[in-house]
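Colleague: Please read through the structure below; I'll follow up with questions.
The values are calculated or read from the model by the stated rules, or taken from the named source; none is laboratory data. These numbers were taken from a predicted model, which means no experiment stands behind them. A quick note on method: Cβ atoms are made from the backbone with ideal geometry, for glycine too, and the neighbour counts reach across all protein chains shown.
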Amino acid sequence: MQFSRLLWLFPIAVTLHNSEEAIWMPGWVSRHATQLPMQPPGAAQIRFGLVVLTAVAWVVTYRTQSKGRGSVWAYLLFGGVVAMLANVFVPHLPASLVFRSYTPGVVTAVLINLPGMSLLAIRAIGDQWVHGWRAAAFAVAVPLATVAIIPALLVMGRVIF
């Protein structure tokens, strides 16, 4: 299957993964509040951030398909794919090991994101939708930007709700 069709796996995986987190994260955070390195956000804050990130995944995917290979949107999608792939290893698997229990998002991270995002990353490069230093730059910048944006989304969620 061509990357132009496979790319829709990205927002579908993000939606499934973020849905798992939206359902289970608020309770998990409450149970582990004293073990977390920061003040835990409330359920509305968590869900607000997840909805925004999910919506961004759909918009980026739509724009990628509209603008095509080599567009800034294709590179943003590639960076998002790498971010979701990295998210399997930071924090989901280590958190499950540290807490010795289920952590919200680990099931979809391992069963969907790991194989799906690996396939997408390989195909994005193989089908030449992205390449070279620019792909490497977006593979680093988008995950870092996503990590940096999450606290802002939580603050926005607190203000709105």
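Colleague: Within the set of pairs 6 or more residues apart or between chains, which connect a residue that is surrounded by 15 or more Cβ atoms within 10 Å (Cβ to Cβ) inside region 39-58 to a residue that is not in a helix (DSSP H, G or I) with Cβ atoms less than 7 Å apart?
Modeller: Listed pairs, sorted by first residue: Gln45/Phe161; Phe48/Phe161.
Colleague: For the structure I just gave you, tell me whether Leu9 is among the aliphatic types (A, V, I, L, M) and under 17 Å from Met117 (Cβ atoms).
Modeller: For Leu9, the condition - among the aliphatic types (A, V, I, L, M) and under 17 Å from Met117 (Cβ atoms) - is met.
Colleague: Tell me which residues, restricted to region 1-30, are of a type in the set (Phe, Trp, Tyr) and not in a helix (DSSP H, G or I).
Modeller: The one that is of a type in the set (Phe, Trp, Tyr) and not in a helix (DSSP H, G or I): Trp8.
Colleague: Another question, if that's okay. Any residue in region 39-57 that is under 18 Å from Val142 (Cβ atoms), basic (Lys, Arg), out of contact with any strand residue (DSSP E or B) (no Cβ under 8 Å at 6 or more places or on another chain) and modelled with pLDDT of 95 or more?
Modeller: no
Colleague: I'm told Leu85 meets every condition in (1) farther than 15 Å from Ala124 by Cβ; (2) at pLDDT 95 or above except one. Can you identify the failing condition by its number?
Modeller: It is condition (1) that Leu85 fails.
Colleague: Now for a separate question. Quick one: which residue in Pro91, Pro143 is closer than 25 Å to Gln45 by Cα, surrounded by 19 or more Cβ atoms within 10 Å (Cβ to Cβ), out of contact with any strand residue (DSSP E or B) (no Cβ under 9 Å at 6 or more places or on another chain) and not polar (S, T, N, Q)?
Modeller: Of the residues listed, the single one that is closer than 25 Å to Gln45 by Cα, surrounded by 19 or more Cβ atoms within 10 Å (Cβ to Cβ), out of contact with any strand residue (DSSP E or B) (no Cβ under 9 Å at 6 or more places or on another chain) and not polar (S, T, N, Q) is Pro143.
Colleague: Mind checking whether some residue in region 101-108 is touching a Ser or Thr at 6+ places or on another chain (Cβ under 8 Å) and not polar (S, T, N, Q)?
Modeller: Yes - at least one qualifying residue is present in region 101-108.
Colleague: State which residue pairs qualify: first residue modelled with pLDDT of 90 or more and inside region 22-33, second residue assigned to a helix (DSSP H, G or I) in any location, beta carbons under 6 Å apart, and separation of 6 or more residues or different chains.
Modeller: Partner pairs satisfying both residue conditions: Ala22/Arg47; Ala22/Leu50; Met25/Ile46; Pro26/Ala43; Pro26/Ile46.
Colleague: Which of the residues that make up region 96-138 are surrounded by fewer than 19 Cβ atoms within 10 Å (Cβ to Cβ), of a type outside the set (Phe, Trp, Tyr), within 19 Å of Gly27 (Cα to Cα) and touching a helix residue (DSSP H, G or I) at 6+ places or on another chain (Cβ under 8 Å)?
Modeller: Answer for region 96-138, where residues must be surrounded by fewer than 19 Cβ atoms within 10 Å (Cβ to Cβ), of a type outside the set (Phe, Trp, Tyr), within 19 Å of Gly27 (Cα to Cα) and touching a helix residue (DSSP H, G or I) at 6+ places or on another chain (Cβ under 8 Å): Ser96, Val107.
Colleague: Say we look at region 69-79 and pick out the residues that are in contact (Cβ under 8 Å) with a residue 12 or more places away in the chain and not charged (D, E, K, R); which of these is surrounded by the fewest Cβ atoms within 10 Å (Cβ to Cβ)?
Modeller: Gly70
Colleague: Something else about it: Return yes or no: is Ala86 in a helix (DSSP H, G or I) and over 24 Å from Ala152 (Cα atoms)?
Modeller: Values: in a helix (DSSP H, G or I): yes; over 24 Å from Ala152 (Cα atoms): no.
In short, no.
Colleague: I would also like to ask the following. Sort out which residues of region 97-109 are part of a helix (DSSP H, G or I) and under 21 Å from Arg47 (Cα atoms), and write them in order of number.
Modeller: Within region 97-109, Val106, Val107, Thr108, Ala109 qualify.
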